[in-house]
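For reference, the structure discussed in these notes is given below.
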Amino acid sequence: MPPIPRDTRFDSTLAFLSAPCDFISLRCARYRSDLFEARLLLRRTICMKGPEAAELLCDIDRFERRGAMPLRIQKTLLGQGGVQGLDDAAHRHRKAMFMALMTTERIGQLGALSADAWRAFSQKWATSSQVTLYSEVQELLTRAVCEWAGIPLKAAEVPRRTQQLTALFDAAGAIGPRHWWSRLARRRAERWIGDTVRQIRAGRLTPPEESPAHVIAWHRELNGELLRPRVAAVELLNLLRPTVAVSVYVVHAAHALHRHPECRERLRAGEDGYVGRFVQEVRRFYPFFPAVAARVRRDFDWKGYRFPRGRRVMLDLYGTNYDARSWDAPEEFRPERFQTWDGSPFNFIPQGPGNHYMNHRCPGEWITLELMKVAVEFLACRLRYDVPEQDLRIDRSRLPAIPQSRFLISKVQADASLSSE
């Protein structure tokens, strides 16, 4: 049985943090293998890429999620006690709660609220000399998702809550003060949402029964008990945080529209299905979260390699989306490729591989698609704006990777006549 190729460093944590989007793919190319082993945070970790690796990681008989993600990510991005760290019946039960919220009607309501926010913000931007799109969309989405979720949000607290929700994903992978700000934001956000849960249970707040705040506040575990307020807060934040994180994809969409003006023309022309293909290509082409982790549940062999019980395994999401075995000329931005995509849950995995119900694929993926379509409609068809001189290089050493300038726009004009409707 051949040994798994080993990275030459004693510990590769700094190498990973300096190039999180490319760390696994570059070493897979170096070792001419779809997998290799490295020490990350001093823990032996098998790193993998490709659709076969993605399918393997979805084998719930071989892998579990409990204890897989580094503590620094649990303390910032994910929270502790949430659905991402559950397995088996407990995971399926908690996941079903989230999936019940992902109805076409509910997602459409959130899309409509985001469109209302885009209209309001467009008017504000028209009075500004210059707008930083990344931060503006974060606030826009915070307003929309809190209203949708049934979370009361006074106008005066919007900036503070936006900063807290943004810190959970924008600073989670940082080193130093930004990471510690993310941890502080996590504690404050959980306290805020935990208090909201307590008020709902005490009858002092009465959000609509179909709202996430009501559903999660009254969700019962398999043992019949309500979620602890802190865990309920973690799960509500698991809706709020990733929704605000769609701001990353919105900035990527704006970047793609600027780099590929032919796409804007096709969107304005209302080409059937093109907005969906464009959105999917943005999700494939641009880096978002680089990898997901699991832990080997029991010893097994795969392709002649031994996977020992307890070993952490990391799957390269971005590298898999660029795998030349699945995608022709993956380094080129081509929305039309999604006309012939086979729909595999393993070769296109920006928000995780596998089945939304059984595996740990993000339950909010449809929300992401809806919010991106609304954003692209405004950016391409309802707004006129200039893109001033700026540094639009994607900072790939950063998590999440975004343009250095956060994408600046100026001379904004709302123009409904440009709508593709």
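With respect to residue 234, determine if the residue is aliphatic (A, V, I, L, M), under 25 Å from residue 386 (Cα atoms), touching a helix residue (DSSP H, G or I) at 6+ places or on another chain (Cβ under 9 Å) and touching a residue at least 60 places away in the same chain (Cβ under 8 Å). Walk me through how you get there before you give the answer.
Working: aliphatic (A, V, I, L, M): yes; under 25 Å from residue 386 (Cα atoms): no; touching a helix residue (DSSP H, G or I) at 6+ places or on another chain (Cβ under 9 Å): yes; touching a residue at least 60 places away in the same chain (Cβ under 8 Å): yes.
When the stated conditions are applied, residue 234 does not pass them.
Quick check, is residue 268 farther than 17 Å from residue 162 by Cβ and basic (Lys, Arg)? If you could, list the steps in order and put the result at the bottom.
Details: farther than 17 Å from residue 162 by Cβ: yes; basic (Lys, Arg): yes.
In short, yes.
Looking at segment 142-158, is at least one residue in contact with a strand residue (DSSP E or B) (Cβ under 9 Å, 6 or more places away or on another chain), touching a residue at least 24 places away in the same chain (Cβ under 8 Å), in a helix (DSSP H, G or I) and under 25 Å from residue 112 (Cα atoms)?
So in segment 142-158, the residues in contact with a strand residue (DSSP E or B) (Cβ under 9 Å, 6 or more places away or on another chain) come out as none.
No, segment 142-158 contains no residue that is in contact with a strand residue (DSSP E or B) (Cβ under 9 Å, 6 or more places away or on another chain), touching a residue at least 24 places away in the same chain (Cβ under 8 Å), in a helix (DSSP H, G or I) and under 25 Å from residue 112 (Cα atoms).
Restricting attention to segment 312-342, which residues are of a type in the set (A, V, I, L, M, F, W, C), open to solvent by less than 10 Å² (accessible area, probe 1.4 Å) and either modelled with pLDDT under 95 or in a helix (DSSP H, G or I) (or both)?
Hit for segment 312-342 is 317, nothing else.
Does residue 142 count as open to solvent by 10 Å² or more (accessible area, probe 1.4 Å) and β-branched (Val, Ile, Thr)?
Working: open to solvent by 10 Å² or more (accessible area, probe 1.4 Å): no; β-branched (Val, Ile, Thr): yes.
No; evaluated as a whole, the condition is false for this residue.
Quick check on my filter: what residues within segment 399-416 are without any contact (Cβ under 8 Å) to a residue 60 or more places away in the chain, out of contact with any Leu (no Cβ under 9 Å at 6 or more places or on another chain) and closer than 18 Å to residue 171 by Cβ?
Correct list: empty.
Mind telling me which of the residues 81, 108, 85 ends up being open to solvent by 30 Å² or more (accessible area, probe 1.4 Å), under 20 Å from the mean Cα position of the chain (by Cα), at positive phi and at pLDDT 95 or above? Steps first, answer last, please.
Working: 108 fails: at positive phi; 85 fails: at positive phi.
The unique qualifying residue is 81.
Please list, ordered by first then second residue, the pairs with beta carbon atoms under 9 Å, 6 or more apart or interchain, first in segment 283-311 and assigned to a strand (DSSP E or B), second among the small types (Gly, Ala, Ser) and surrounded by fewer than 20 Cβ atoms within 10 Å (Cβ to Cβ).
295/67; 295/310; 296/310
Among the candidates 298, 284, single out the residue that is of a type in the set (D, E, K, R) and surrounded by 19 or more Cβ atoms within 10 Å (Cβ to Cβ).
On the way: 298 fails: surrounded by 19 or more Cβ atoms within 10 Å (Cβ to Cβ).
Answer to the selection: 284.
Suppose the filter is more than 17 Å from residue 162 (Cα to Cα), at pLDDT 95 or above and either within 18 Å of the chain's Cα centre (by Cα) or not charged (D, E, K, R) (or both); does residue 254 pass it? So that I can check it myself, show each step before the final result.
Numbers: more than 17 Å from residue 162 (Cα to Cα): yes; at pLDDT 95 or above: yes; either within 18 Å of the chain's Cα centre (by Cα) or not charged (D, E, K, R) (or both): yes.
Yes: the conditions hold for residue 254.
Any idea which of (1) free of Cβ contacts under 8 Å to residues at least 12 places away in the same chain; (2) more than 18 Å from residue 278 (Cα to Cα); (3) not hydrophobic (A, V, I, L, M, F, W, C) is the one residue 385 doesn't satisfy?
Residue 385 satisfies every listed condition except (1).
Among the residues of segment 208-226, what is the count of those that are assigned to a loop (DSSP other than H, G, I, E, B) and buried (at least 18 other Cβ atoms within 10 Å of the Cβ)? Reasoning before the result, please.
Just the residues of segment 208-226 that are assigned to a loop (DSSP other than H, G, I, E, B), to begin with: 208-211, 218-219, 221-225.
Among the residues that remain, those that are also buried (at least 18 other Cβ atoms within 10 Å of the Cβ) are: 211, 219.
Qualifying residue count for the region: 2.
For residue 356, state whether it is in contact (Cβ under 8 Å) with a residue 60 or more places away in the chain, in a loop (DSSP other than H, G, I, E, B) and surrounded by 22 or more Cβ atoms within 10 Å (Cβ to Cβ).
It is false that residue 356 is in contact (Cβ under 8 Å) with a residue 60 or more places away in the chain, in a loop (DSSP other than H, G, I, E, B) and surrounded by 22 or more Cβ atoms within 10 Å (Cβ to Cβ).
Within segment 263-281, track down each residue that is of a type in the set (Lys, Arg) and open to solvent by less than 40 Å² (accessible area, probe 1.4 Å).
Across segment 263-281, the qualifying residues are 264, 277.
Looking only at segment 111-139, count every residue that is under 12 Å from residue 412 (Cβ atoms), open to solvent by less than 10 Å² (accessible area, probe 1.4 Å) and of a type in the set (Ser, Thr, Tyr) and tell me the total.
Counting residues in segment 111-139 that are under 12 Å from residue 412 (Cβ atoms), open to solvent by less than 10 Å² (accessible area, probe 1.4 Å) and of a type in the set (Ser, Thr, Tyr) gives 1.
Go through 207, 261 for me and flag whichever is in contact with a His (Cβ under 7 Å, 6 or more places away or on another chain) and farther than 22 Å from residue 71 by Cβ. Working first, answer last.
Details: 261 fails: in contact with a His (Cβ under 7 Å, 6 or more places away or on another chain).
Testing whether each residue is in contact with a His (Cβ under 7 Å, 6 or more places away or on another chain) and farther than 22 Å from residue 71 by Cβ leaves just 207.
Got a sec? Which of 76, 8 is open to solvent by 20 Å² or more (accessible area, probe 1.4 Å) and either modelled with pLDDT of 95 or more or in a loop (DSSP other than H, G, I, E, B) (or both)?
Numbers: 76 fails: open to solvent by 20 Å² or more (accessible area, probe 1.4 Å).
Answer to the selection: 8.
Using the structure shown, decide if residue 389 is over 26 Å from residue 322 (Cβ atoms) and part of a loop (DSSP other than H, G, I, E, B). Working first, answer last.
Values: over 26 Å from residue 322 (Cβ atoms): yes; part of a loop (DSSP other than H, G, I, E, B): yes.
Yes.
The values are calculated or read from the model by the stated rules, or taken from the named source; none is laboratory data. Just so it is clear, the model here is predicted, and its values are computed rather than measured. Glycine gets a Cβ as well: all are built from the backbone with ideal geometry, and neighbour counts include every protein chain shown. Just the protein is used for accessible areas: all its heavy atoms, side chains included, with ligands, DNA and RNA removed. Shrake-Rupley method; radii C 1.70, N 1.55, O 1.52, S 1.80 Å.
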